[in-house]
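Worksheet: one structure, shown below.
Just so it is clear, none of the values below were taken in a lab; they were calculated from the coordinates. Note that this is a predicted model, so its numbers are computed, not measured. No Cβ is skipped: glycine too gets one built from the backbone with ideal geometry, and neighbour counts run over all protein chains shown.
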Amino acid sequence: MRYLLRKMSSVIMTLFLVTVITFIVFEIIPGDPIAAKLGIEADKVQIEALRKELQLDQPLIVRYKDWIGNALKGDLGISIRFDEPVINLIQIRMMVTSRLALIALVITIIIGVPLSIITAKYDNKGIGIGTSIFSQIGMALPSFWLGILMTYLFGLVLKQFIPGRYVPMEQNFVQGLNYLLYPAIAIAIPKIAVVVRYLRNAIMDQTNQDYVRTAYSKGLRSHQVMVRHILRNALIPVITIMGMIIADILGGSLIIEQVFTIPGIGRLLIMGISNRDFPLVQGMVIYIALIVIAINLLVDIMYHFIDPRIKLN
Amino acid sequence: MKKRKYSFNFYIGIVIVAFLLGIVIVSFFYTPYTVTQMNIGKKFLKPCWEHLLGTDHFGRDILSRIMMGSQTAFQVGLISIGIGLFFGILIGSIAGYYGGIVDEILMRIMDAVIAFPGLLFALMFVAVLGQGIVNTMIALGIMSIPQFARITRSGFLQVKPLKYIDMAKSIGVSNFRIMMVHILPNVISPLIVACSMGFASAVLAEAGLSYLGLGVQPPNPSWGRMLSESQMYLLKAPTYSIVPGIFITLSVLGFNLLGDGISAIRDPRK
């Protein structure tokens, strides 16, 4: 309980600072937002009116308080380009991105974990070096490049999907899944390499422990030892990197969506940046950052419950 | 046995980095063609003797552009790591040396910067300040500060309680001198490892930003930008998409292996 309290207080501190950073960064926008909106021919009265409306006559702290107060109520401002509440724009796209991230995560786990077990089982020099080389290369691969290569191979050559098109899952489930599958694989491949690198070492460390010998000596079969004993312990250090991986998958989907023209938050964000739609970009940055902090908190708490030996720090 | 495996990483890393560095150096004096030299009659050539890696949609030599792109990648890597290292050491050593509330505040701010996932922080920065190579370097530099600050701080926390620091204080050595001359050298080797790894992620991040059209702008050549241009001509010239990706991967791989290798040499038990 004390752990949870301390953890929560540090998370709230981080949350607060993240919002402050996001707020301040958008205060240093070069140029006058009023002039940008009204053009250079605006008269004084108009300028004053808009200044009041946008509350630019208020001090920084007051504006931060208003901004964060509204954000807590779910009001992230109005997009300039779309003339729609930012939160609505995000929520529609988030459906797509969260699906993409989820599929990528599932692929990472269902390929990464068995692969680690297999490579850890054959503990010899060749496999060791081979795994090390492949995981290093895998981690170095830019997912957006993989995406382009996959567009070529599966889209243009094998014609599994049409590049530049996107079918939502609501419209056609199988097709929709297909359109998310390839980008998810592109995101997952470097992450699989990360999982294998960590999990293989963790499994091999556990295999030499006394309790494993005991488990064998009481007559368990090797897969029973692996699943019930080794994997349970080996997964503990891996959970710490899980938060990082989930954050990376979400961050990675920002670029991948551009490669596969998927209408998720990544494309919305890039569109916002290219159009200098600051309320949209600011709202999205804060939204994405908060999600990632929340996920990390969940992972931390999970970690704590799985292994009660772990105390803060 | 384990030791050999890791020095193996180190040597491969050194070879790759040396190869890339060689390309950067050569590109200052010589490229097979001028980077901007267009030749519409020769567009989308496959790799041949005249154009070793083929040509792009304007008939420009891809090898020459890759070579010039290596300059951009290294420049962004070096300068952003420089920014990260400078402010990281500054913040980390102040936090570690003075401790208490200063430490708490500084490290919480670092946590907050790390909390932005992936490219999000850089994207926010570029959105506000505008695109281009300078802003890319600043954004990636700021993004890498927490890494260096954390390493410096933890080193300071380890060394600070040692006797020789007290002695230095007792003979009146200034705080600044103790921090920089007596403590900092102990942190150098983990910082070198972090530099190598950080360089790798900076190259990757620059490529990503430039791919999105938000990083390095033309006429500065960039591998990421080449990838985004090539994507439009994927069917006609697949090699155009393959080559820049190989170079990005190679750079990231080389610097990661190098960092791994250095940390293994420093601590063979790991």
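At q = 0.14 Å⁻¹, what is the base-10 log of I(q)/I(0) for the range B:1-85 according to the Debye formula with one equal point scatterer per Cα and no solvent? Please give it to two decimals. For the range B:1-85, the Cα-only Debye profile gives -0.64.
Between 0 and 90 degrees, the angle of helix A:2-25 with respect to the longest Cα principal axis of chain A falls at about 40 degrees.
In chain A, Cα pairs under 8 Å separated by at least six residues give a relative contact order of 27 percent. In the calculated pair-distance distribution of the range B:152-205, the portion above 18 angstrom amounts to 43 percent of the Cα-Cα pairs.
Where does the Debye-calculated log10 I(q)/I(0) of the range A:42-134 sit at q = 0.17, 0.20 Å⁻¹, using only Cα point scatterers of equal weight, no solvent? Each listed q maps to, in turn, -0.90, -1.05.
Peptide B:199-211 shows a mean partner chain C-beta count of 3 within 10 Å per residue C-beta. In nm, give the distance between the simple-model label positions of A:Val20 and B:Lys236, each being 7 Å from the Cα along the Cα-to-Cβ direction. About 5.3 nm separates the two model spin labels. Among the residues of B:101-112, the average count of other protein chain beta-carbon atoms within 10 Å of the residue beta-carbon is 3.
Length gained on full extension, B:Phe19 to B:Leu162, computed as 0.36 nm times the residue gap minus the Cα-Cα distance: 47.2 nm. The modelled label-to-label distance for the pair A:Leu298/A:Met169, using points 7 Å beyond Cα in the direction of Cβ, is 1.4 nm.
Taking the protein assembly as shown, how much of its Cα-Cα pair set, in percent, is spaced more than 40 angstrom apart? Of the Cα pairs, 31 percent sit more than 40 Å apart. Shown for chain B are the DSSP H helices of 27 Å or more along their axis, judged by Cα atoms, with a mean Kyte-Doolittle hydropathy of at least 0.0: B:2-29, B:62-98, B:133-159, B:188-211, B:238-266. For chain A, set up a GNM with springs between Cα atoms under 10 Å and report which of A:Gln282, A:Gln46, A:Gln136 has the largest fluctuation. In the Gaussian network model the winner is A:Gln46. Distance between the 7 Å Cα→Cβ label points at B:Lys42 and B:His57: 2.0 nm.
For the range A:237-244, the Karplus equation 6.51 cos²θ - 1.76 cosθ + 1.60, evaluated at θ = phi - 60°, returns couplings of x, 6, 4, 4, 7, 4, x, 4 Hz by residue, with Gly and Pro reported as x.
What you get for the protein assembly as shown, charging only the Cβ of Lys and Arg (+1) and of Asp and Glu (-1), is a dipole of about 2140 debye around the Cα centre. The mean sequence separation of alpha-carbon pairs under 8 Å and at least six residues apart, normalised by the residue count of chain B, gives a relative contact order of 27 percent. Of the residues A:Ser116, B:Ile114, A:Gln91, the one whose Cα sits farthest towards the positive end of the charge dipole of the protein assembly as shown is A:Ser116 (charges of +1 on Lys and Arg Cβ, -1 on Asp and Glu Cβ, taken about the Cα centre). Comparing B:Met38, B:Ser196, B:Leu78 along the charge dipole axis of the protein assembly as shown, the residue lying farthest to the positive side is B:Ser196, per the Cβ-charge model.
The distance linking the range A:126-164 with the range A:260-278 is 25 Å (Cα centroid to Cα centroid, whole angstrom).
Gain on full extension, evaluated as 0.36 nm per residue between A:Phe305 and A:Asp66 minus their Cα-Cα distance, stands at 82.3 nm. With everything on Cα atoms, drop me the angle between helix A:60-72 and the longest principal axis of chain A, reported from 0 to 90° to the nearest 10. For A:60-72 against chain A, the angle is about 60 degrees. The distance linking the range B:173-203 with the range A:190-234 is 37 Å (Cα centroid to Cα centroid, whole angstrom).
Over the range A:55-180, what is the relative contact order in whole percent, taking alpha-carbon pairs under 8 Å and six or more residues apart?
About 10 percent, as a whole number.
Value of Rg to Rh for chain A, rounded to two decimals, is 1.07; Kirkwood radius and Rg both from alpha-carbon coordinates.
How large is the translational diffusion coefficient of chain B in µm² per second when you combine the Kirkwood radius over alpha carbon pairs with Stokes-Einstein at 10 °C and 1.306 mPa s? D, rounded to a whole number, is 78 µm²/s.
Taking every DSSP helix (H) stretch of at least 4 residues in the protein assembly as shown, weighting each as -39,500 (n - 2.57) and dividing the sum by the residue count yields a mean residue ellipticity at 222 nm of -24000 deg cm²/dmol.
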